[in-house]
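Everything on this sheet refers to the single structure shown next.
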Amino acid sequence: MSFKVLIANRGEIALRAIRACKELGISTVSVYSEGDKDLKHLRFSDETVCIGPTSPLESYLNIPSILSAAELTQVDAIYPGYGFLAEDPDFAEMCQKSGFKFIGPDAKTIRKMGDKITAKTLAEKAGIQTVPGYKDEIPEDPEKFKAVARDVGYPIMIKATAGGGGRGMRVVEKEEDLITLAQITMQEAKNAFGNETIYLEKFIANPRHVEVQVVGDGKGKAIHLGTRDCSMQRRHQKIIEEAPALNLNEVALEKIFSACIKLCESINYEGAGTLEFLYENDNFYFIEMNTRIQVEHPVTEMITGFDIVKAQMRIALGMKFEIDQSRINFKGHALECRINAEDPETFQPSPGTITKMHTPGGFGVRYDSHIYGGYIVPPYYDSLLAKIITQANSRESAIKRMLSALDEFFIEGIKTNHSLHQKLLRDEVFINNKHTINYLENEFLKKHES
Ligand code: ADP
């Protein structure tokens, strides 16, 4: 049986999806905005459809337009990638209602997990420890609100239940600031996510960010593909990711793996997902679940040999495929550096024309990117240009391989964070794997301020 999939995304993940489809013999339809006519993956797609003007709201976030393209080209399924509509339960529901399979979990699961309070409650039911806090309704009486916050204990993290992408979060150091910061967070959450509900979490001072990749068959069976460490972050956005996360408490880790599987199996989870944790003093604290493919999925693929995107397609389309934990083996260590179009010091976006470039290669080097010499990086979308991934027998060798890959890699015409990666990979704290989620902003950047 032959299938046709519409890829409702752009950039490197659209190309990644096309590659997976080609290997599986699936035909592809790529949609693009008027400003994206020159995207590389459009050349490799069987069909292409322009879905609207450059603005994401009118194109990649425009559900009727995407569904019309799907109808026009008569696809079987829609692949959302990450970002845009990937975690929009309404989109998943409308795809299904229009007769297209949404490649991912069902709308109900996305809705539950997209609400961080519900996700925490479900995780707790599966025996997973969550960040201690307060997730009931915030009392209207300021004194009562202060009292519940005091119970959580300062410093506190105020979070929007609908938050995402590092937004909708605020640290409160002292009681005097509680009410004002809660009001600001609610207002921002209302504007950004259309939902002003907030909850409180204990602010974990110096954790690492550790996550578990899962894959479910939608019929009650799930497996895990190990851990990733994404502690190198700026403004809660990941910059370097690695697999596996090292130096974890073995007993706690085994418990987390079985709890993650139990949770996914209990909800008949379908497709790829990630459970994110903060890890401190041998404890895992669940923070959220992403019900989609993540940017950093290649590091897991490199140490397991398991193609996550192909698995997503096969499971969704009902192609012959069985997930089996006993067949997952881990080999060596992998790193990913996210190359962004931004100034390495001010972090200001740097769109424009790539006049010249050279891509890295060689043994154990993977390069996932949609850019090429002459390509104009538009200012309207995510600044991610390329992901360089290296795999080797040890973390130390993967770092050396990455440094060599970065030496080969150059982009001219626009600014990128290439030099930031070179400095980070030579940093003693990173080399010794001692960094926490605060290290980059609180220590590294201050050390390197000129
Ligand atoms: P998002 O959905 O926006 O990605 P997350 O809940 O996954 O938000 O949190 C993103 C990042 O924010 C984490 O990796 C961590 O750096 C930080 N963070 C979240 N919750 C806490 C907390 N309770 N204490 C300290 N840092 C936190």
Inter-part distance where region 89-108 and region 390-443 are each reduced to a Cα centre, Å: 38 Å
With every protein chain in place, region 353-450: carbon and sulfur % of accessible area (1.4 Å): 49 percent
Under-5 Å amide H pairs with Glu342, H placed in peptide plane, nonlocal only: Ser350, Thr416, Asn417
Accessible surface, 1.4 Å probe, highest first, among residues Thr274, Thr118: Thr118, Thr274
Shape category assigned to region 106-256 from the gyration tensor of Cα positions, a/c cut at 1.5: prolate
For region 42-57 and region 234-270, distance of Cα centres in Å: 35 Å
Extension gain, Glu143 back to Phe330 (0.36 nm per residue minus Cα-Cα distance, nm): 62.1 nm
Straight-distance crosslink candidates among aspartates and glutamates, where the alpha carbon sits under 15 Å from Lys434 and sequence neighbours closer than 8 are dropped: Asp229, Glu241, Glu242, Glu280, Asp282, Glu396, Glu443
Shape call, the chain: gyration tensor on alpha carbons, a/c limit 1.5: rounded
Positive-end extreme of charge dipole, the chain - chosen from Ala316, Thr118, Ala192 (charges on Cβ): Ala316
Of the GluC sites (Glu not before Pro) in region 145-216, those whose Cβ has at most 12 other Cβ within 10 Å and which sit in DSSP loop: Glu173
Solvent-accessible heavy-atom area per residue, rounded to whole Å², over region 208-449 at 1.4 Å: 40 Å²
Rounded percent of accessible protein surface that carbon and sulfur make up, region 4-102, 1.4 Å probe: 47 percent
27 Å tail of the calculated P(r), region 211-340, as % of Cα pairs: 14 percent
Relative contact order computed over the chain (Cα-Cα under 8 Å; 6+ residues apart), in percent: 14 percent
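The values are calculated or read from the model by the stated rules, or taken from the named source; none is laboratory data. All values derive from a computational prediction rather than experimental measurement. Glycine also receives a Cβ, built like all others from the backbone with ideal geometry; neighbour counts cover every protein chain displayed. With ligands, DNA and RNA removed, areas are computed over all heavy atoms of the protein, side chains included. Shrake-Rupley method; radii C 1.70, N 1.55, O 1.52, S 1.80 Å.
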